[in-house]
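Contents: one structure, followed by commentary.
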Amino acid sequence: MARLGVKRRINAAGTLTRLGGALMDHAVLEAMREAARSSVDMAELQAAASREIASTTGAEAGLVTSGASAALALAAAACIAGLDTARMARLPDTRGMAAEILMHRTHRNAYDHALRAAGATLVDFGHNDRGLSAGIRGMEESDADAAVTSASVALAFVATPETVADLPVAVAAARRHGLKVIVDAAAQLPPASNLRAFITAGADLVVFSGGKAIGGPQESGILAGRADLIASALLQQLDMDVSPALWLPPSLIAPERVPAPPHHGIGRGFKVGKEEIVGLIVALENFAARDEVGYKADLRRRLNTISAALPKTTTRIVDGRVPSLEIEAPGALEVARRLLDGDPPIHVGERDLARGRLIVDLQAVRVEDDPLLIAALRRALA
Ligand SMILES: *Cc1c(COP(=O)(O)O)cnc(C)c1O
């Protein structure tokens, strides 16, 4: 990157996409390097990935996508088109098709665009009483019932520690109306147990980001779920410049269910490379096998060292998904600006700047950069 005149940055803000996501370890890079020098049938490679994802998530099948956002678009496309290749060819034009996806109002967020990109129309239900402390009522089946129409195909649910208790309500409402449940769990790792939790809770499709905590390639993600839906998503993502007479559908489904190959689908524009598929799978295996307690203890030890080196500041280690360090700093915005102006520029968590707090998250900081980070923080806080 230096050759391109692009600055190296220290990212103490977490595995943010705009800063390049996770840092990959050498085992992942080695697998990607080998893949880069090989030719492969992409459908066969995705079938192998599907088996790996199925065994780590407990889902029937899985697909490597070019990110969680792409996985959401493919999830919507699968729920709308199923295995109907004529419908696949028409997306995102959904005129005359059932293409409504229900979402509780409190789940709406900027990644909704991915669902709409496939041609879905989002239909809100419920209120935001809890979010506003205007009342105590949260997600209720009757609110979902009232929003269902003959055009409903799915219910999209964004998993967070705050929303997850509502998942059984969402699943029950969806089941009663024959709708699929799509769970966006992009950033709900660790704990690794969440790889299985949402499938166990009844989700038909679950989305994870590969370039966040899993530590895979930045442009990777996972769609896991029911075999027929994953087969639909795969058909809409794979390159379809094939000879129809020689083509076989993905091994996930019986050949007679898709007698002829579809044309390039809505997902062809976010194809995933062989390197990403292989890298994601190695990263996923390593993530699932990682000693979570040891990993967190290591982060906590590094944060303690940073905290101890800071002059006259109030700090607090917060045990979130991974431990992070909150630094109370009058003029936090100015401190963050000074860190960005440094060499190398340093990014800290910006979420609580307005409340006078910097957040240090070490997930994407190399351990050998800790001294640089400490020195910069000391200067910026002085
Ligand atoms: C990060 C994130 C995404 C997008 O993930 P990518 O892998 O970057 O596409 C989607 N939804 C939520 C809730 C996220 O946090």
Problem set entry | Among 375, 202, 320 the positive-end extreme of the charge dipole of the chain (Cβ point charges) | 375
Seminar exercise, completed: With Rh as the Kirkwood radius over Cα pairs, the stretch 239-350 has Rg/Rh of 1.25
Problem set entry | Net lengthening on full extension, residue 26/residue 2 (0.36 nm per residue, minus Cα-Cα) | 6.6 nm
Seminar exercise, completed: Out of 273, 58, 347 - ranked by how far each Cα lies towards the positive end of the dipole of the chain, with unit charges on the beta-carbon of charged residues - the top one is 347
Problem set entry | Whole-Hz ³J(HN,Hα) from phi, Karplus 6.51 cos²θ - 1.76 cosθ + 1.60, for the stretch 349-354, glycine and proline x | x, 9, 4, 10, 4, 5
Exercise. What is the Cα convex hull volume of the chain when expressed per residue in Å³?
Worked result: 152 Å³
Problem set entry | Volume per residue that the Cα convex hull of the stretch 242-294 spans, once the total is divided by residue count, Å³ | 142 Å³
Problem set entry | Cα gyration tensor shape for the stretch 107-156, rounded if a/c is under 1.5, else prolate or oblate | oblate
For this session: Set Lys and Arg Cβ to +1 and Asp and Glu Cβ to -1, take the dipole of the stretch 2-157 about its Cα centre, and tell me which of 11, 49, 128 lies farthest positive.
Result: 11
For this session: Tell me the label-point distance for the pair residue 136, residue 116, using the 7 Å Cα-to-Cβ offset, in nm and rounded to one decimal.
Result: 3.6 nm
Exercise. If the cut-off is 18 Å between C-alpha atoms, which aspartates and glutamates fall inside it for residue 271, apart from same-chain ones fewer than 8 positions away?
Worked result: 41, 44, 219, 239, 241
For this session: Would you kindly derive the ³J(HN,Hα) couplings of the stretch 21-30 from the backbone phi angles with the Karplus curve 6.51 cos²θ - 1.76 cosθ + 1.60 (θ = phi - 60°), listing them in order in whole Hz, with x for Gly and Pro?
Result: x, 6, 9, 8, 8, 5, 5, 5, 4, 5
For this session: Starting from the Cα of residue 44, step 7 Å along the direction of its Cβ; do the same at residue 89; then give the gap between the two resulting points in nm.
Result: 2.9 nm
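Multiplying the sequence separation of residue 314 and residue 291 by 0.36 nm and subtracting their Cα-Cα distance, what value in nm do you get?
Working: separation 23, 0.36 × 23 = 8.28 nm, distance 3.04 nm.
Extra length from residue 314 to residue 291 when fully extended: 5.2 nm.
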Exercise. Over the stretch 182-317, what lengths in whole Å, largest first, do the semi-axes of the equivalent ellipsoid take, defined as the square roots of 5 times the eigenvalues of the alpha-carbon gyration tensor?
Worked result: 41, 16, 12
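How large is the helix-only mean residue ellipticity at 222 nm for the chain, computed as the sum of -39500 (n - 2.57) over DSSP H runs with n ≥ 4, divided by its residue count, in deg cm²/dmol to the nearest 500?
After summing the helix terms and dividing by residue count, I get -11500 deg cm²/dmol.
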Exercise. Roughly how many debye, to the nearest 20, is the charge dipole of the stretch 1-58 about its Cα centre, given +1 on each Lys and Arg Cβ, -1 on each Asp and Glu Cβ, and no other charges?
Worked result: 580 debye
Exercise. What is the set of long-range amide H partners of residue 181 at a cut-off below 5 Å, with H atoms built 1.01 Å from backbone N?
Worked result: 155, 204, 205
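What does the extension gain come out to for residue 55 and residue 128, with contour length at 0.36 nm per residue minus their alpha carbon separation?
Numbers: separation 73, 0.36 × 73 = 26.28 nm, distance 3.71 nm.
Fully extending the segment from residue 55 to residue 128 adds 22.6 nm.
About its Cα centre, what dipole magnitude does the stretch 95-254 give when the only charges are +1 on Lys and Arg Cβ and -1 on Asp and Glu Cβ, stated in debye to the nearest 20?
Details: 12 positive and 16 negative charges, 25 e Å.
Here the size comes out at about 120 debye.
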Problem set entry | Vicinal HN-Hα couplings computed from phi for the stretch 220-230 (Karplus, 6.51 cos²θ - 1.76 cosθ + 1.60; Hz; Gly/Pro x) | 10, x, 10, 10, 10, x, 5, 4, 5, 6, 5
Seminar exercise, completed: Highest GNM mean-square fluctuation among 180, 271, 212, for the chain with Cα springs under 10 Å, belongs to 271
For this session: Excluding residues fewer than 8 places away in the same chain, name every one of the lysines whose C-alpha is closer than 25 Å to that of residue 274.
Result: 212
Seminar exercise, completed: The percentage of Cα-Cα pairs in the stretch 25-122 separated by more than 15 Å is 71 percent
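Mind checking the dipole of the chain: about its Cα centre, +1 per Lys or Arg Cβ, -1 per Asp or Glu Cβ, Debye to the nearest 20?
Values: 42 positive and 44 negative charges, 200 e Å.
So the magnitude is around 960 debye.
Quick note: the coordinates plus some simple rules give every number you see, no bench work behind them. All values reported here derive from a predicted model rather than from experimental measurement. Don't worry about glycine lacking a Cβ; one is built from the backbone with ideal geometry, like all the others, and counts go over all protein chains shown.
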